[in-house]
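Shown next, in structure tokens, is the structure this report addresses.
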Number of protein chains: 2
Amino acid sequence: MRRCTAWHVLHLYCLAASWAVQNGFMSVENLPLYVQIANQLLEAVRTGALPAGAKLPSVRAMARQQGVAQSTVVQAYHWLEDGQVIAARPRSGFFVASRNPSGRGVPEPTVSRPAQRPRAVAIDWWGQRILGQDPPADMLSFSSGTPGLDLLNTDRVRRAVVQAAQRQRHLLCTYPVGQGSEELRCALARYALALGCSLAPNNIVVTGGCMDAIVLCLRAVTQPGDIVALESPTHFSFLEVLQSLQLRALEIPTHPRHGISLDALQLALDTQPVKALLVTPTLSNPLGCSMPQAERRRLAKMASEHGLAVVEDAIYNELCEFDDLRRTVKSYDATGHVLLCHSFAKTLAPGLRLGWVEAGRWTPALCRIHSMESGAKTAVLELALAQLVSQAGHALAMRQLRGAITARLAEARETIASHFPKGTRVSHPAGGLLLWLELPRQVDAKRFHEACLAENMLVPPGRLFSTGGRFGQCLRIGLGGEWSAAHVQALRRMGELAALAH
Amino acid sequence: MRRCTAWHVLHLYCLAASWAVQNGFMSVENLPLYVQIANQLLEAVRTGALPAGAKLPSVRAMARQQGVAQSTVVQAYHWLEDGQVIAARPRSGFFVASRNPSGRGVPEPTVSRPAQRPRAVAIDWWGQRILGQDPPADMLSFSSGTPGLDLLNTDRVRRAVVQAAQRQRHLLCTYPVGQGSEELRCALARYALALGCSLAPNNIVVTGGCMDAIVLCLRAVTQPGDIVALESPTHFSFLEVLQSLQLRALEIPTHPRHGISLDALQLALDTQPVKALLVTPTLSNPLGCSMPQAERRRLAKMASEHGLAVVEDAIYNELCEFDDLRRTVKSYDATGHVLLCHSFAKTLAPGLRLGWVEAGRWTPALCRIHSMESGAKTAVLELALAQLVSQAGHALAMRQLRGAITARLAEARETIASHFPKGTRVSHPAGGLLLWLELPRQVDAKRFHEACLAENMLVPPGRLFSTGGRFGQCLRIGLGGEWSAAHVQALRRMGELAALAH
């Protein structure tokens, strides 16, 4: 089980250290102070003295109690947090995490088996109404996968924007030119190191969001009528873009945890003129799957061998609990076949509408379209973003955001496990705010959706995430936006409605 | 002469009033106070007591001197300004305008005679380097037609942006959805009344600038390979967009003052499958021509009769000296065949990167592409723009901007008239910051450009503004950016270089 690896590693390290100490191979004093403290806490968790959900002492209290510096306690807590023994909840402190993955009893969805031929995309307009608009005010919506105002730091963003506007006011009245302000492109190149990439600022193009970057990539590498491979199920907006650009979609079987099947993709490449692959290797939308590292390396190699353009959507990478899965396919790309698209809309400020792309060997083609059409973005906002990304507190903010998301995901999975009918399957993503749920066969999905709408609950039906009406038994449950007890209550009620909809 | 009309009307009114007073048909007291004051000043200008270029007394001094309220003097000055008897220079006061159009001795360029068949566009990359990038710092550039920081009010824009970010900070951390914030769309609908249009806020789509709006329009109304008619010469960026969208350009003969020839367009419509016309009816770039009102009405009618999509670029309308030429073709459009594109980049804040479009009968198609791809813009900036456009001071700011531009245009035309070789022709636009200059045949244009570059002066060659390398003897002189004595000096030097390049 992937989810337990980090915990196990940490635990083994501590056990080995304890054993070494107990058997006289080393003295406790030889261990770093923070490991000693972490070890004590781990022991307390192991014995049940600190049960799952228990609140840990505050950093200040713990430091006083142990007679160490507060920074040592912070280090111990972060180490335990990395090992998923404890989790931070913003403005509340640290809590013991559940050692068992939440909702363990529920099986994961089955591997998808889409048709093996490309299809023109014809969007379900009902879907666009659900996902493309704000839901009515009286509707309890599960359509968003974007952190809400309760998870994001609006003040930090506001300060950066106001500062940039005050200090660089002349930029508001000057036409920006080129690929984006140099300050932001340098900040992004530094940031990309966390995604495993060493990028030149000159090859980075600032766009009006991640989707804008993806559209630019597809326009740079395809012509109308071309075949683009996708995960199955795939992001609704990807299908929209393919329809808009008159591209054909070829859906590839996808594992609910390990992502797109590269064997199936290989078969497709061998038999059909696939121009590009549009893929979200980390926390794919809607399935929440993340490709293992070895698969990422293999995909980069395949792209190079087949001249395939891999448009990599890395928007969720920072929301992933596991460091290794934050690394991009792009980081293995030696030949420039991977086009990396990213934005901070899911982690920092959805309203800034800035994204960026490094388009590898297609950089000149992409720059041409960019400069001819969409052009440069608002320089003042670019400076604000550069400031935000470069701030020392960014890594900590991300850590806190991941902690809060993990807690929310766990709560939702627990609720589903205990209230949806037997036979329900639900995805088990390593982060993010989306769950993919498969209703048992005997549930009449249409009746279920009608019942939900009748009670003012909105949850996007699975068939929006595929061409040709597949995934009729599925739902995408978005835990984004502001979360409340009413949402948990609504999830429970949905489970009851599913049980009734036979 | 168009340019003299307003002056003449005002003068006739004053003469008639004087005559009526002198002949006892009415007493001076029957005239409004501000007309009495204006009349005195006009008389002083007519007799030469106040020669062209003379500074008028300040509003305060004049009010004291005449024993009237300052607002009455302001009214009198604005009336004279509208009649082009005097001109405001920002932060300097009011000056007597030249009654004769500046640089009167110089003839205007000839009517263009482009080829009568459509052409695929193949951009001159040298051109993109000139116009798409910031010029080197040591280069004196005449490539911009956008007002610089000396003409725009950065403080006003900064205040609006900071206020919006402070008051609506949550918008920075919320995904915007839809066609743009309602507040901005309502403000734009009110603003559009000044363009002669009565638009519904719901049909307005906010875009990432005017060019983004134009791209969306062309994508909504055409398919790759379609024919799009254009003025000749036309905006360099229009050609770029056509190339990027794989559309064919059909250039239509264009009069240097009255704009595109509708007779020629009619012929094109009768003989070729023209899908759209992309046109800038007011202060067309680069020619500076403006279609007379009757022609605008006729164009709207033609569009309706032929099912032609007219993509109207109204970005310069507010820079035009004449009220009647600020009215759009869209204002005559009863059948939704005109797609109106606009932004405030030339009048308010080039750096905001916001524009808008009302796409008539193509609104649903355009909204589809917009929501599928480019999507909503930064809501905080939208609110700032809504605020700026709605401010009571906006009309006054525009009046001042036009005054300053008129003065700069006149200075440049005078310099050209007195320093370029005989036989040089130059456009006579009713506003804006672009001049189109035609060198005499005997001047070797290539040698001239090389000589300019050798002396670090950059001026875009005419062949960038057409397919097929026409307009080799022409230059587009952009008076945008920050203007200085060095620019005037450079213009003089250019004239000398032209005289030398035989």
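The values are calculated or read from the model by the stated rules, or taken from the named source; none is laboratory data. For clarity, every value in this text was computed on a predicted model and none was experimentally measured. Every residue, glycine as well, gets a Cβ built from its backbone with ideal geometry; the counts of neighbours run over all protein chains shown.
The test for being over 15 Å from the mean Cα position of the chain (by Cα) and under 30 Å from A:A384 (Cβ atoms) does not hold for B:V338. Each residue in segment B:346-361 was checked for being closer than 23 Å to B:L479 by Cβ and of a type in the set (A, V, I, L, M, F, W, C), and 3 pass. Cβ-Cβ contacts under 6 Å between residues 6 or more apart (or on different chains), taken from a first residue in segment A:284-296 that is buried (at least 24 other Cβ atoms within 10 Å of the Cβ) to a second residue that is acidic (D, E), are listed as A:S284/A:E231.
Output the residues belonging to segment B:323-343 that are within 30 Å of B:L149 (Cα to Cα) and in contact with a helix residue (DSSP H, G or I) (Cβ under 7 Å, 6 or more places away or on another chain).
If the condition is that a residue be within 30 Å of B:L149 (Cα to Cα) and in contact with a helix residue (DSSP H, G or I) (Cβ under 7 Å, 6 or more places away or on another chain), then B:D324, B:R326, B:R327, B:T328, B:L340, B:C341, B:H342, B:S343 are the ones that fit.
Scanning segment B:302-323 for residues that are under 19 Å from B:A359 (Cβ atoms) and either of a type in the set (A, V, I, L, M) or outside any loop (DSSP other than H, G, I, E, B) (or both) yields a total of 13. Failed condition for A:A276, given (1) among the hydrophobic types (A, V, I, L, M, F, W, C); (2) farther than 25 Å from A:V426 by Cβ; (3) in contact (Cβ under 8 Å) with a residue 60 or more places away in the chain, with all others met? Condition not satisfied by A:A276: (3).
A quick yes/no check of all residues on (1) assigned to a helix (DSSP H, G or I); (2) touching an Asp or Glu at 6+ places or on another chain (Cβ under 6 Å); (3) of a type outside the set (V, I, T):
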residue: A:Q387; (1), (2), (3): yes, no, yes
residue: A:L396; (1), (2), (3): yes, no, yes
residue: A:R399; (1), (2), (3): yes, no, yes
residue: A:I416; (1), (2), (3): yes, no, no
residue: A:P440; (1), (2), (3): no, no, yes
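Taken over segment B:203-213, residues that are more than 22 Å from the chain's Cα centre (by Cα) and within 13 Å of chain A (Cβ to nearest Cβ) amount to 0. Evaluation of A:P364 against the conditions (1) of a type outside the set (S, T, Y); (2) within 14 Å of another protein chain (Cβ to nearest Cβ); (3) under 21 Å from A:I214 (Cα atoms); (4) buried (at least 20 other Cβ atoms within 10 Å of the Cβ) shows that the sole unmet condition is (4). Residues in segment A:138-148 that are farther than 17 Å from A:L409 by Cα and either of a type in the set (D, E) or at the interface with chain B (Cβ under 9 Å from one of its Cβ atoms) (or both): A:D138 only.
If the condition is being crowded, with 22+ Cβ neighbours inside 10 Å and either aliphatic (A, V, I, L, M) or more than 11 Å from chain A (Cβ to nearest Cβ) (or both), then segment B:370-400 contributes B:A376, B:A379, B:V380, B:L381, B:L383, B:A384, B:L385, B:A386, B:L388.
Pick from segment A:214-226 the residues that are within 11 Å of chain B (Cβ to nearest Cβ) and without any contact (Cβ under 8 Å) to a residue 60 or more places away in the chain: which of them is surrounded by the most Cβ atoms within 10 Å (Cβ to Cβ)?
Step one: of segment A:214-226, the residues within 11 Å of chain B (Cβ to nearest Cβ) are A:214-216, A:218-220, A:223-225.
With the extra rule that they be without any contact (Cβ under 8 Å) to a residue 60 or more places away in the chain, the set shrinks to A:215, A:223-225.
Details: A:V215: 26, A:Q223: 12, A:P224: 11, A:G225: 12.
Here the residue is A:V215.
For A:L409, the criteria (1) outside the structural domain of A:T328 (by TED's automatic domain parsing); (2) surrounded by 23 or more Cβ atoms within 10 Å (Cβ to Cβ) hold in every case but one, which is (1).
Can you go through B:L151, B:L131 and tell me which one is at pLDDT below 90, touching a helix residue (DSSP H, G or I) at 6+ places or on another chain (Cβ under 8 Å) and under 27 Å from B:N285 (Cβ atoms)?
The unique qualifying residue is B:L131.
Listed conditions (1) buried (at least 23 other Cβ atoms within 10 Å of the Cβ); (2) of a type outside the set (S, T, Y); (3) out of contact with any strand residue (DSSP E or B) (no Cβ under 8 Å at 6 or more places or on another chain) are all met by B:R476, apart from (3).
Considering each of A:T207, A:T174 in turn, give the residue that is touching a strand residue (DSSP E or B) at 6+ places or on another chain (Cβ under 8 Å), of a type in the set (S, T, N, Q) and buried (at least 18 other Cβ atoms within 10 Å of the Cβ).
On inspection, the qualifying residue turns out to be A:T207.
Table: residues versus (1) of a type in the set (K, R); (2) more than 14 Å from chain B (Cβ to nearest Cβ); (3) under 27 Å from B:L366 (Cα atoms).
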| residue | (1), (2), (3) |
| --- | --- |
| A:L230 | no, yes, yes |
| A:E240 | no, no, yes |
| A:L245 | no, no, yes |
| A:I260 | no, yes, no |
| A:L267 | no, yes, no |
| A:T280 | no, yes, no |
| A:A294 | no, yes, no |
| A:K301 | yes, yes, no |
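Put simply, of A:E411, A:E318, A:E358 the only residue that is away from chain B (no Cβ under 14 Å) and farther than 24 Å from A:M211 by Cβ is A:E411.
Restricting attention to segment B:324-355, the residues that are assigned to a helix (DSSP H, G or I), surrounded by fewer than 22 Cβ atoms within 10 Å (Cβ to Cβ) and within 14 Å of chain A (Cβ to nearest Cβ) total 0.
Remark: A:L479 matches the filter, which requires a residue to be modelled with pLDDT of 95 or more and more than 16 Å from A:P109 (Cβ to Cβ).
Of all the listed residues (A:V357, A:V338), the sole one being closer than 25 Å to B:L218 by Cβ and in contact with a strand residue (DSSP E or B) (Cβ under 7 Å, 6 or more places away or on another chain) is A:V357.
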